[in-house]
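Only one structure is covered here, and it is reproduced in the block below.
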Amino acid sequence: MNYPEVLNQKLCPKKGGKPLVVDLFAGCGGLGLGFEAQGFSTIGFEKDEDCCATYRRNLEGHCEQVTLTPETPLPDARVVIGGPPCQPFSVNGHQRGLNDARDGFPAFISAVSRLQPEIWMFENVRGVLYANRWYFDEITTALRDLGYVVEYQLLNAGDYGVPQNRERVIVVGHRGNFSFPEPEQWRVTVADALGEMMSDAPPGSKFLTSSMDDYVARYEKSSACVRPRDLHPDAPARTLTCRNLAGATGDMHRIKLADGRRRRLLPREAARLQSFPDWFEFFGGETSVFNQIGNAVPPLFAFHLAASVRAYLESDLRLDAAAIRNMRPLQQASFHALNT
């Protein structure tokens, strides 16, 4: 298996795709790319200038640079997707829930309410199921009240061809007969993804200093790290984040060369581990690019999610919205189990 060729073959945006997908909080287009590669068309909405430029350069769909609010005009669409931010709803954010306009979920819920898509989907970090579970329940209740069966699963992108252990909560609202994608039968390793890059020091490489090596050693000792946090060729990478790509932290992603030197990842290497094809071009400075990569939904993971959405739209089993609103959450779950 040639991993870069797999990405280039699978993740090709298709011209004239249908139906339209509204991509909210679109970032640089990782989620949108997976949907376009499955034959959908997209229009993104994103506030970051570099992200918008990257989206427009690589995807067929346009990306509107806008700070989303519950009143932002949106086109009619059969599908709504996105990755709404929810940082303000930590304890330090005063836990105002859906009454806090700084959060992205009021805009997402408003979009679903106004557009009434046939299916919607959002992605978020696993923490919403734990420390912020109160807030997650508030979100799903509001969306369920709009007439949808709401289901979620904690999925690992590494189970879908991405060379990275990356757990994310995928939440879907539908009206019956949706199935989450089945995991792949094999895991892609760092060596599969990077190949000879792991033994090279390309131009622009940034090496850890001796003081940084000392810091890393102290960090790993204090955190009881069993295996050094260098990239290992025989396994998927750890989760890529903005912090461990762009920040000088003890858990940064790095490659250890045969001579013992450690170097930081280059943007193209990080993009490979996040399953972006090599043709995908990022706009902005290095920190901006690392942030775009770290925040993105891996496109190959999105490709599998989009396949499930496509299969759902082509199925014919539905309930009407009024019937779903009258169902309790456990009844919704039972309905799904009986019809899959």
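The values are calculated or read from the model by the stated rules, or taken from the named source; none is laboratory data. Here the structure is a predicted model, which is why all the values come from computation and not from measurement. Neighbour counts run over all protein chains shown; Cβ positions are idealised from the backbone, glycine included.
For region 56-71, which residues satisfy the criterion of being touching a Phe, Trp or Tyr at 6+ places or on another chain (Cβ under 7 Å) and in contact (Cβ under 8 Å) with a residue 24 or more places away in the chain? Within region 56-71, Arg57, Asn58, Cys63, Leu68 qualify. Put simply, of Gly147, Gly97 the only residue that is surrounded by 14 or more Cβ atoms within 10 Å (Cβ to Cβ), modelled with pLDDT under 95, of a type outside the set (Val, Ile, Thr) and over 22 Å from the mean Cα position of the chain (by Cα) is Gly97.
Note on region 222-258: among residues that are among the hydroxyl-bearing types (Ser, Thr, Tyr) and over 24 Å from Glu286 (Cα atoms), the one that is nearest to the chain's Cα centre (by Cα) is Ser223.
Would a scan of region 235-249 turn up a residue that is touching a residue at least 60 places away in the same chain (Cβ under 8 Å) and among the β-branched types (Val, Ile, Thr)? Scanning region 235-249 turns up at least one residue that is touching a residue at least 60 places away in the same chain (Cβ under 8 Å) and among the β-branched types (Val, Ile, Thr). Within region 107-128, residues that are in contact (Cβ under 8 Å) with a residue 24 or more places away in the chain and crowded, with 19+ Cβ neighbours inside 10 Å have Cβ atoms under 7 Å from residues that are basic (Lys, Arg) and not in a strand (DSSP E or B) in these pairs: Pro117/Arg78, counting only partners at least 6 apart in sequence or on another chain. Do we have Asn177 as more than 20 Å from the chain's Cα centre (by Cα) and among the polar types (S, T, N, Q) here? In short, yes. Residues in region 225-271 that are in a loop (DSSP other than H, G, I, E, B), closer than 14 Å to Ser288 by Cα and of a type in the set (A, V, I, L, M, F, W, C): how many? Result for region 225-271: 1.
Just one of the numbered conditions (1) part of a strand (DSSP E or B); (2) buried (at least 20 other Cβ atoms within 10 Å of the Cβ) is not true of Phe136: (1).
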